Amino acid sequence: MTLKSARRLQLERRIMARELPQFMFYRFGNEAYFQGWHGVSSGLLFQLKLVLWEWHPDQMPSLYVSYPLILWKYGGNTINSEGVSHAFHTLSNGPNGCVQICHFKSEHWDASKTCVGVFFKGILWLEAYAVHLVTGMTIADILDEWKRRAIWGEKKTEFWR
């Protein structure tokens, strides 16, 4: 690890401790990651794991839902079986087949992005997943609806009825 990346990691750890203290930093051998639990508004509980690769922050980290291992879809089947999916904002599965959340396009990643920003996107994904379980809408459609409502300040739509 270079001095630059060590300083950046210290900064990331301070930001995470202040903004999202439920996600703790761990280092085992060459593996460095933040991991912790998040409960969504519906009451479901998830564990997220953000793996920082050797060249962080220049290399995009990977965000996994490490618990539960299997994420069921509305009406059956699993999100794990989707693999890379725009509709569900997922990338290829991670360790033990866990779901990997697509938080940024790799071509849009740069060192200005922070771990806390990635976790905020992960938390939004988890909330959208909880809505998916009730409505059957794809995560992409749910996030697009939320974005549209935030931009235009619209009131309740059919989405919430």
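The values are calculated or read from the model by the stated rules, or taken from the named source; none is laboratory data. All figures in this text were calculated on a predicted structure; none of them were measured in a lab. All Cβ positions, even for glycine, are placed from backbone atoms using ideal geometry, and neighbour counts span all protein chains on display.
Do we have residue 69 as under 29 Å from residue 18 (Cβ atoms) and either in a loop (DSSP other than H, G, I, E, B) or within 10 Å of the chain's Cα centre (by Cα) (or both) here? Judged against the criteria, residue 69 is not a match. Among all residues of the range 74-85, there is none that is within 19 Å of residue 5 (Cβ to Cβ), among the aromatic types (Phe, Trp, Tyr), modelled with pLDDT of 95 or more and surrounded by fewer than 18 Cβ atoms within 10 Å (Cβ to Cβ).
Scanning the range 28-51 for residues that are at pLDDT below 95 and either outside any loop (DSSP other than H, G, I, E, B) or closer than 18 Å to residue 103 by Cα (or both) yields a count of 3. Annotation: of all residues in the range 25-36 being without any contact (Cβ under 8 Å) to a residue 24 or more places away in the chain and exposed (fewer than 14 other Cβ atoms within 10 Å of the Cβ), the one that is farthest from residue 127 (Cα to Cα) is 29. Filtered by the rule that a residue be part of a loop (DSSP other than H, G, I, E, B), small (Gly, Ala, Ser), on the phi > 0 side of the Ramachandran plot and touching a residue at least 24 places away in the same chain (Cβ under 8 Å), the range 72-117 gives a lone residue, 75. Listed by first and then second residue, the pairs linking a residue in the range 37-55 that is closer than 19 Å to residue 112 by Cβ to a residue that is outside any loop (DSSP other than H, G, I, E, B), with Cβ atoms under 7 Å apart and 6 or more places separating them unless they lie on different chains, are 50/33; 50/34; 50/63; 50/115; 50/118; 50/119; 52/32; 52/33. If you go through the range 1-23 and pick out every residue that is within 15 Å of residue 116 (Cβ to Cβ) and either buried (at least 16 other Cβ atoms within 10 Å of the Cβ) or within 15 Å of the chain's Cα centre (by Cα) (or both), you end up with 7.
Contact map, the range 1-24: residues that are closer than 15 Å to residue 111 by Cα paired with residues that are part of a loop (DSSP other than H, G, I, E, B) and acidic (Asp, Glu), Cβ distance under 9 Å, separation 6+ or inter-chain. Pairs shown: 5/54; 5/58. The lone criterion from (1) modelled with pLDDT of 95 or more; (2) surrounded by 13 or more Cβ atoms within 10 Å (Cβ to Cβ) left unmet by residue 59 is number (1). Number of residues in the range 107-119 that are over 15 Å from residue 52 (Cβ atoms) and either among the polar types (S, T, N, Q) or in contact with a helix residue (DSSP H, G or I) (Cβ under 7 Å, 6 or more places away or on another chain) (or both): the value is 1.
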